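Down below is the structure, laid out as structure tokens.
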Amino acid sequence: KNFASDQEPKWCPGCGDHAILQQIKNVLPELGVAPENIVFVSGIGCSSRLPYYLATYGVHGIHGRALPMATGLKVARPDLSVWVGTGDGDALSIGGNHFIHTLRRNPDLNVLLFNNEIYGLTKGQYSPTSKIGLRTVTSPSGVIDHPFNTAALTIGSGGSFFARAFDRDGKFLRSILQRAALHRGTSLVEIYQNCPIFNNAAFEAFATPENKASNTIYVEQDKPFVFGKDKNRGIMLDGFKPVVVDLDKDEFSTSDLWIHDEKDINKASILARFADDEALPRPFGVFYAEERVTYEDALSQQIRDAQKNACGTLEELLKGENSYEIK
Ligand code: SF4
């Protein structure tokens, strides 16, 4: 089934959103869910045009409010596959409050956060993830706000799933979207997305084959952190501090290499902090995945319990002959 709608994307030529849309269209048929049972909810921004371009149901909502709308939908219709398309401004600034509370509530949503470190739709204001020093129309002398670290914010807010992917690495992005879809709970996928118009090459350090080899690691469950052109470097932990080691020269046992465990929140928290240190490679992949009750399941259970425990008819209740006792 082709999940493309009849709408032509209005994104600028070369925008990373096109590549992300393509991978979403590749993954949706693999879910085995009919288009009429999938809903894409968005807020405002370039990324939030996403629902127009998919032949599923969609809601293009108001700025920053995609997550509460999606939560309400999932609670009312838990049978639907609910996705959210949002950006760094929409999710982390205007919708910042909803972001942290959605993560701790853990409704079963797949949240795709297109992070281009800029407001594109409104023509280039700095966003909550813009790097310090970036000159924009609203920061002519350079950004002085410390940027949000999306991974650390997700884990710190009690999120049950965090992964990072990249618009230009289609195969990898597709595999991460599959993982997010399989996770029960709020899957937060941060996608580095190039905005060639207002913040071009923000992620160039991880883009070219040469840069990619020396600056990125692809995190895999139960595998050591090995990266580099010839796979000749790895990561060890010195206490809680990650240290880059040369596999050929440094003296250590390969068993000292840091093995990733995506259920380990302490390791995930350290991994999240790699983005704060330019000397460390940038991790991509699933940092953290925890099985936890979803918001809609907990709420449904509570309603069932209330129905079971509330004895008596409505008439009796109105007469005050019976009352509902909260247990
Ligand atoms: Fe993409 Fe930037 Fe154009 Fe928006 S302004 S569509 S993010 S290139």
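For segment 115-129, the candidate set comprises residues that are outside any loop (DSSP other than H, G, I, E, B) and polar (S, T, N, Q); within that set, the residue that is farthest from SER48 (Cα to Cα) is GLN125. When segment 14-39 is filtered for residues that are within 16 Å of the ligand (Cβ to nearest atom) and free of Cβ contacts under 8 Å to residues at least 60 places away in the same chain, the ones remaining, listed by number, are HIS18, LEU21.
More than 16 Å from the ligand (Cβ to nearest atom) and surrounded by fewer than 17 Cβ atoms within 10 Å (Cβ to Cβ), is that true of ASN97? Write out each step before concluding.
Working: more than 16 Å from the ligand (Cβ to nearest atom): yes; surrounded by fewer than 17 Cβ atoms within 10 Å (Cβ to Cβ): yes.
Considered against the rule, which asks whether it is more than 16 Å from the ligand (Cβ to nearest atom) and surrounded by fewer than 17 Cβ atoms within 10 Å (Cβ to Cβ), ASN97 comes out as yes.
For segment 43-50, does any single residue satisfy the condition of being surrounded by fewer than 19 Cβ atoms within 10 Å (Cβ to Cβ) and either free of Cβ contacts under 8 Å to residues at least 12 places away in the same chain or in contact with a His (Cβ under 7 Å, 6 or more places away or on another chain) (or both)? Before the answer, list the steps.
Narrowing segment 43-50 to residues surrounded by fewer than 19 Cβ atoms within 10 Å (Cβ to Cβ): none.
Checked segment 43-50: no residue is surrounded by fewer than 19 Cβ atoms within 10 Å (Cβ to Cβ) and either free of Cβ contacts under 8 Å to residues at least 12 places away in the same chain or in contact with a His (Cβ under 7 Å, 6 or more places away or on another chain) (or both).
Pairs only if they're at least six apart or on different chains, beta carbon under 8 angstrom, first in segment 205-225 and assigned to a strand (DSSP E or B), second among the basic types (Lys, Arg); list them, first residue then second. Pairs found: THR216/ARG282; ILE217/ARG282.
For VAL84, the conditions (1) within 16 Å of the ligand (Cβ to nearest atom); (2) touching a Leu at 6+ places or on another chain (Cβ under 8 Å) are fulfilled apart from (1).
As for segment 103-126, it holds no residue that is away from the ligand (no atom under 16 Å from the Cβ) and without any contact (Cβ under 8 Å) to a residue 12 or more places away in the chain. When LEU188, LEU237 are screened for being part of a strand (DSSP E or B), touching a Gly at 6+ places or on another chain (Cβ under 6 Å), hydrophobic (A, V, I, L, M, F, W, C) and touching a residue at least 24 places away in the same chain (Cβ under 8 Å), only LEU188 passes. Would you confirm, using the coordinates I've provided, whether ILE235 is crowded, with 20+ Cβ neighbours inside 10 Å, away from the ligand (no atom under 16 Å from the Cβ) and assigned by TED's automatic domain parsing to the domain that holds PRO78? Judged against the criteria, ILE235 is not a match.
Out of segment 209-223, which residues are exposed (fewer than 13 other Cβ atoms within 10 Å of the Cβ) and closer than 23 Å to ASN116 by Cβ? If the condition is that a residue be exposed (fewer than 13 other Cβ atoms within 10 Å of the Cβ) and closer than 23 Å to ASN116 by Cβ, then PRO209, GLU210 are the ones that fit.
Checking the conditions here, which among ALA202, ALA275 is touching a residue at least 60 places away in the same chain (Cβ under 8 Å), of a type in the set (Gly, Ala, Ser), in a loop (DSSP other than H, G, I, E, B) and surrounded by 14 or more Cβ atoms within 10 Å (Cβ to Cβ)? First the steps, then the outcome.
Numbers: ALA275 fails: in a loop (DSSP other than H, G, I, E, B).
None of the other options fit; the residue is ALA202.
The values are calculated or read from the model by the stated rules, or taken from the named source; none is laboratory data. The shown structure was predicted, so the numbers you read here are calculated from the model rather than taken from an experiment. Don't worry about glycine lacking a Cβ; one is built from the backbone with ideal geometry, like all the others, and counts go over all protein chains shown.
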